[in-house]
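Nothing in this text is a laboratory measurement; each read-out follows from the coordinates by a stated rule. Not measured: the values here are computed from a predicted model. Every residue, glycine as well, gets a Cβ built from its backbone with ideal geometry; the counts of neighbours run over all protein chains shown.
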Amino acid sequence: YNYGGNTSALRWMLWLAPLQVLSLLPALARCAERRWRQVLVTFLLAGSVFSAAWPVLAVGGPNPWKPSWLFTAMETAGWIDYRDTPPPLEEPLSRRFRELPGRSQFPPQFDAVRRRAPGPWISFAGVDSNGRLRTLRLTRPDHDTDGEALLSVRLQEPGQLAKTREYQIDVAAWQVGAPPDEFVLQVKDDPTDGEAEESGRKWDDLSDDERFRSTMLFTGLPKPARYRPLFNRRLRTNLHPARLDCRRAMAQVLHQAPGSNRKLLYRSELWLSDAVPFGCVQFETTIYDPATGEVLGRERMTAYDASALWFEPQSE
């Protein structure tokens, strides 16, 4: 049978091969009577042997699932294209959280099944590479000014006290997909702490580590990159008994940390849905060694609670 350009044999049918060869003997005997038939059969046999040996002898090592040379040549020439492509994203995306939800954002095309707080918020939980629990909560307090929005981030790191940080966001820059160093106007650490600064700090006043962590928070990567669409999937979470229809996207960049002598590959994958505030249900960042493909670290966080959840009404 043929699957994606790869011809494979079913094991329970291999015993038919001798019978097929025997059935060809009369035809081969007739071909041997004429010189031109012998040349034609030899040419066809050589082509078949080459096609069968191509996946084993091709550059990159033996790979029995590699498409045949003819399939590869036709695909390269643009004559055939059997690949499935994921649906495009509705708009360019370069960060984890697509939107800043409003205080009373309940779209009319959705049924609200929960509303337990006046301000939109969502909570994530996950484990780090060492299996330790981390939690993250995003809140949109009702302290917006003209063209600016306040985003409160509460992060619970393993073995540490929970820390809250407030980001003053330029809404216009956020909406056009600007990087964090452009849409973050001010950062205020732990506003509930009496020792915290009242005025906050600008992006350039943050340390290198703080800028790195903030960039990772918003984009999932050490530096901004454009996300590409993946195939849509359904995701089961603690938000609702039913699985959520999610649009998936991924981006990856090479990054060399200051003082390091090698580059690492960061890959970020998002599960997006309009059913939750901020538009993201799950995000995952994986760090690879680009030379060996070894996974050096992975972090996944999934939403488990939110101020509101919307779902499309099911038709009868």
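Assorted remarks:
- Distant-in-sequence amide contacts of residue 248, defined by a placed amide H-H separation under 5 Å and a gap of 5 or more residues or a different chain, comprise 230, 232, 233, 272.
- Debye intensity ratio in log₁₀ form over the Cα atoms of region 155-296, taken at each q of 0.16 Å⁻¹: -1.09
- Extension gain for residue 163-residue 25 works out to 41.7 nm (0.36 nm per residue, less the C-alpha to C-alpha distance).
- Cross-link pairs beyond the 22 Å C-alpha cut-off, checked among 202/263; 163/263; 223/263; 66/263: 202/263; 163/263; 66/263
- Förster-model FRET efficiency, 51 Å R0, residue 90 and residue 42, C-beta, rounded to 0.05: 0.35
- Straightening the chain between residue 175 and residue 292 buys 38.3 nm, computed as 0.36 nm per residue apart minus the Cα-Cα spacing.
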